[in-house]
Every structure is written in C-alpha cells, then in structure tokens.
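Structure first, then comments.
The values are calculated or read from the model by the stated rules, or taken from the named source; none is laboratory data. These numbers come from a predicted model, not from an experiment. Virtual Cβ from ideal backbone geometry, glycine too; neighbours counted across all protein chains shown. Side chains included, ligands, DNA and RNA excluded: accessible areas come from the protein's heavy atoms. Shrake-Rupley method; radii C 1.70, N 1.55, O 1.52, S 1.80 Å.
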Amino acid sequence: MAKLSNKILVLPDGKERLKLQNDNFIKIQPKIKEILDYEIGQKGKVIRVIWVGRNLLIETTSDVDAEHINKQKTRFSIKSIANTGTGTLKNLGARQILKFLGVDFSQQYKEMWQKLRVHLHERKIPQEKLKKKVRRNQKPLKWATENGRKYQIELNELCFNAFNALSLKKKIDFLNFITDCNDNDLYVIIVNSVDVIIYKPVEKKLKIIKSIEAKKDKLTDVGYAIYVDGKPTYRVQTNNTNGIGISAYCQRIFWI
C-alpha cells in the first residue's frame, strides 16, 4: 500500500486521488460488513481474501473475493468514482468482441501499426519501444492518434452492424454477459460523491424480452446506444484501452 501510495503521490493530483479513494473506502465499509455478515450466515466464516484486481487471466469482473470455509466465495466488483455516475459496466477486449460479435479486427490493427511505422520510417524497432517513442513526442503522437481514429470509427461500425445482426437470443446472452448476471456470488458496489449503490447482477438477468436494437448516437461516430424493448439501456463507446490511438481497441459499456 505504501509503494502504491508513493506512485500516486508523484502525480500532479496525487493527494486528491488518495483522499478520494480513502473517503470512498470509508463510505463502503458498513455496506460490505452487512453483505459479509449475511453471506457468512449462509456459507460459513471467511478464511481467505483474494485480491483479483485486473488479472486478465481470470475471467471475472470481481476485484476482491472472500473465500468461505466451505470453499464458496463472495465476490465484489467495486467501482470508485470521483463525481457521479456508475462507471464502466464492462470493458470488452479484442477476444470478447470476436467471441460475442464475431468481429475480428486483428488485421486492421496490424495495418494501423504498419502505417505508423512507414510514417516514422521505423520498420524494425520493437512495438513497445516505438510506442514509448511516440508518446514522448507530440507531433508523431498527434499523427498516430488521428490515424488510429479512422480504425476506431471502422471498428465501431463493424460492431454496431454485428450486434444488430445477432439473433434475439444471442443479444440477450451478450447483455447477460456484460452485466455478469450469471455469477450468483457477485455483488457490484458503486461509490461516488452522492451515494453507495449496491446490486446483485444475478437479479438483473434478462428473460422475457421482445426486442433489442442498437441505434446510432448522433453526437459521435465512435459509439451507439442499445435499446431494450424500446428503452435506451446501455451506452457503448468504442475506443482505445488507454485513450491513445496507438493502443489496442476495446468497447466500454455503460448503463444509461
């Protein structure tokens, strides 16, 4: 914790970030205690706490797992937000976009990098070194970001069309996946400047639905909304994993 705190404190707004997380942590403690008291009554005492964090090898959105004596788990996905809102519901990487939407963007991604190499006359330098070099120089970074945006728009269009082409059942399966409603042991805790919101995704499972449709957002060419039975329910934003046009692409999904 001390090492992590020191890394944050070197940032211009480091003190504010640490204060925010500390304040939000204090807010959620009573709520987590309530949940654990209930779950311990069902599953027995907690014998281990597992920090899952962003371990991409584990297919879960849980941040922290509490393991009970009977080997069952109580899982927590915690979203700590500075102002208001509910944070990212799900972040879909290239593998998940391929799995659920059937969109393979690997060739376009390679092409994007190749164009950057040609532009900079850097054909042999390793990709990570090239990425660092571009980030340190505003001129090539601007070119890379503008070049990457073309592919960002293309991926958004491919995903939009692919989603609408899915059967109703596959659309429901996809939306149930992004809400994690197949995990009976998961709690989502959202803490922001206004409140602490807690829900169990399993209780939001879609069942009897008549229509699901993606519709274009007039304000952006890199996003769209998903309507469930005519009601705008999810916002999809197609972008780069770190906001810079030289990183891998992803789709972030939010509640509306």
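FRET efficiency for Ala248 and Lys15, Cβ-Cβ distance as r, R0 = 35 Å, nearest 0.05?
Numbers: r = 32 Å, r/R0 = 0.90.
For R0 = 35 Å, the calculated efficiency reads 0.65.
With each label modelled as a point 7 angstrom along the Cα→C-beta vector, the Glu128-Lys205 pair spans 4.2 nm. Estimated from helices alone, the mean residue ellipticity of the chain at 222 nm is -14000 deg cm²/dmol (sum of -39500 (n - 2.57) over DSSP H runs with n ≥ 4, per residue). Computing FRET efficiency as 1/(1 + (r/R0)^6) for Gln138 and Tyr227, where r is the C-beta to C-beta distance and R0 is 41 Å, gives about 0.55. Over all Cα atoms in the range 165-238, the spread is summed up by Rg and Dmax: 14.1, 39 Å. Under a Gaussian network description of the chain, with springs only between Cα atoms under 10 Å, the residue in Leu206, Leu175, Leu11 that fluctuates furthest is Leu11.
Using a ≥ b ≥ c from the Cα gyration tensor of the range 1-113 (square roots of the eigenvalues), is it rounded, prolate or oblate, where a/c under 1.5 gives rounded and otherwise the larger of a/b and b/c decides, a/b for prolate? Cα axes put the range 1-113 in the oblate bin. An ellipsoid equivalent to the range 132-256, defined through the eigenvalues of its Cα gyration tensor, has semi-axes of 31, 20, 12 Å when rounded to whole angstrom and sorted largest first. Sticking with the crude label model, points 7 Å out along Cα→Cβ, report the distance from Lys3 to Tyr109 in nm, one decimal please. For Lys3 paired with Tyr109, the spin-label model returns 2.8 nm. Kirkwood-type hydrodynamic radius, the range 53-122: 16.0 Å, calculated from all non-identical alpha-carbon pairs. Size check on the range 47-185: the Cα extents along the three principal axes, sorted descending, read 59, 38, 33 Å. Here the range 104-196 has an Rg and Dmax of 19.7, 53 Å, counting Cα atoms alone. Once the C-beta distance of Ile40 and His121 is scaled by a Förster radius of 41 Å, the resulting FRET efficiency is 0.10 to the nearest 0.05.
Taking the alpha carbon gyration tensor of the chain, what are the square roots of 5 times its eigenvalues, largest first, to the nearest whole Å?
Working: eigenvalues 234, 139, 58 Å².
The answer is 34, 26, 17 Å, longest axis first.
Going through the cross-link list Lys171/Lys200; Lys133/Lys215; Lys150/Lys171; Lys3/Lys205; Lys99/Lys210; Lys99/Lys124, which pairs have a Cα-Cα distance over 30 Å in this structure?
Lys133/Lys215; Lys3/Lys205; Lys99/Lys124
Heavy-atom surface analysis with a 1.4 Å probe gives the chain a carbon and sulfur content of 56 percent of its accessible area. Accessible area per residue for the chain is 62 Å², calculated with a 1.4 Å probe on protein heavy atoms, without ligands, DNA or RNA.
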